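Peer 1: Got a structure here, written out as structure tokens. Questions coming.
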Amino acid sequence: MSDWRRYEILLPLKFNDGRAVPRELLSDTLLKLEERFGAVSCETQVIQGSWHHGQERFRDDLVRAFVDVEDRPQNREFFRTLKEELKSKFQQLDVWIVTYKVDIV
């Protein structure tokens with residue numbers, strides 16, 4: 001059996017200036033993950049975050065998308081590239097993506 005990793009992405013529901021992110025942007029992101037890996041999951045509850053950048057304070061409303069993939073260098077590189085793409089599309093200073101090993105039973 002292969003080694004597996006879970007990648008979790010916190011997707012913002014608002015741009016940094018407070019405007020709502022169009023739902024199509026969220027669904028396009030989920031569809032991209034599903035088409036690439038064959039499956040994706042997303043929690044519909046709103047995750048609230050607060051963080052500082054310099055002297056400015058930001059509050060976020062986020063949803064968590066996650067996908068389990070084989071632990072391969074090309075998958076890690078995909079998510080590194082996706083992060084930069086999402087920062088641009090969602091007009092964010094950063095997009096939080098975490099990964100950790102999972103044991104699938």
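Peer 1: Could you check residue 36 against (1) part of a helix (DSSP H, G or I); (2) in contact with a Ser or Thr (Cβ under 8 Å, 6 or more places away or on another chain) and say which number it fails?
Peer 2: (2)
Peer 1: With the requirement that a residue be in contact with a helix residue (DSSP H, G or I) (Cβ under 8 Å, 6 or more places away or on another chain) and within 24 Å of residue 23 (Cβ to Cβ), what does region 40-70 give you?
Peer 2: 40, 42, 63, 65, 67
Peer 1: Being of a type in the set (A, V, I, L, M) and out of contact with any Asp or Glu (no Cβ under 9 Å at 6 or more places or on another chain) is the filter; apply it to region 82-99 and report the residue that is nearest to residue 26 (Cα to Cα).
Peer 2: Of everything passing the filter in region 82-99, 86 is nearest to residue 26 (Cα to Cα).
Peer 1: Can you say whether residue 48 is assigned to a loop (DSSP other than H, G, I, E, B) and not charged (D, E, K, R), as far as the supplied structure shows?
Peer 2: The answer is no for residue 48.
Peer 1: Return the residues of region 56-71 that are surrounded by 13 or more Cβ atoms within 10 Å (Cβ to Cβ) and of a type outside the set (Gly, Ala, Ser); say none if nothing qualifies.
Peer 2: Keep residues of region 56-71 that are surrounded by 13 or more Cβ atoms within 10 Å (Cβ to Cβ), which gives 58, 60-69, 71.
Residues satisfying the conditions are 58, 60, 61, 62, 63, 64, 66, 67, 68, 69, 71.
Peer 1: Also, I was wondering about something else. In region 33-75, what residues are charged (D, E, K, R) and either farther than 20 Å from residue 14 by Cα or touching a residue at least 40 places away in the same chain (Cβ under 8 Å) (or both)?
Peer 2: If the condition is that a residue be charged (D, E, K, R) and either farther than 20 Å from residue 14 by Cα or touching a residue at least 40 places away in the same chain (Cβ under 8 Å) (or both), then 34, 35, 36, 60, 61, 64, 68, 70, 71, 72 are the ones that fit.
Peer 1: Related question: For region 1-31, which positions are closer than 22 Å to residue 102 by Cα and surrounded by 10 or more Cβ atoms within 10 Å (Cβ to Cβ)?
Peer 2: 3, 4, 5, 6, 7, 8, 9, 10, 11, 30
Peer 1: So, in region 75-99, of the ones that are assigned to a loop (DSSP other than H, G, I, E, B) and under 13 Å from the mean Cα position of the chain (by Cα), which residue ends up surrounded by the fewest Cβ atoms within 10 Å (Cβ to Cβ)?
Peer 2: Pass one, region 75-99, residues assigned to a loop (DSSP other than H, G, I, E, B): 90-96.
Restricting the remaining residues to those that are under 13 Å from the mean Cα position of the chain (by Cα) gives 90, 92, 94-96.
Values: 90: 18, 92: 20, 94: 11, 95: 19, 96: 17.
The extreme case among them is 94.
Peer 1: Would you mind telling me which numbered condition in (1) of a type in the set (A, V, I, L, M, F, W, C); (2) closer than 21 Å to residue 103 by Cβ; (3) in contact with an Asp or Glu (Cβ under 8 Å, 6 or more places away or on another chain) residue 46 fails?
Peer 2: Unmet for residue 46, out of (1) of a type in the set (A, V, I, L, M, F, W, C); (2) closer than 21 Å to residue 103 by Cβ; (3) in contact with an Asp or Glu (Cβ under 8 Å, 6 or more places away or on another chain): (2).
Peer 1: What is the one condition in (1) of a type in the set (Val, Ile, Thr); (2) surrounded by fewer than 16 Cβ atoms within 10 Å (Cβ to Cβ); (3) closer than 17 Å to residue 29 by Cα that residue 102 does not satisfy?
Peer 2: Residue 102 satisfies every listed condition except (3).
FYI, it's all coordinate maths here, none of it is from the lab. Note that the structure is a prediction, hence the values are computed from the model and not measured. In this analysis, Cβ positions are derived from the backbone assuming ideal geometry, glycine residues included, and neighbour counts consider all displayed protein chains.
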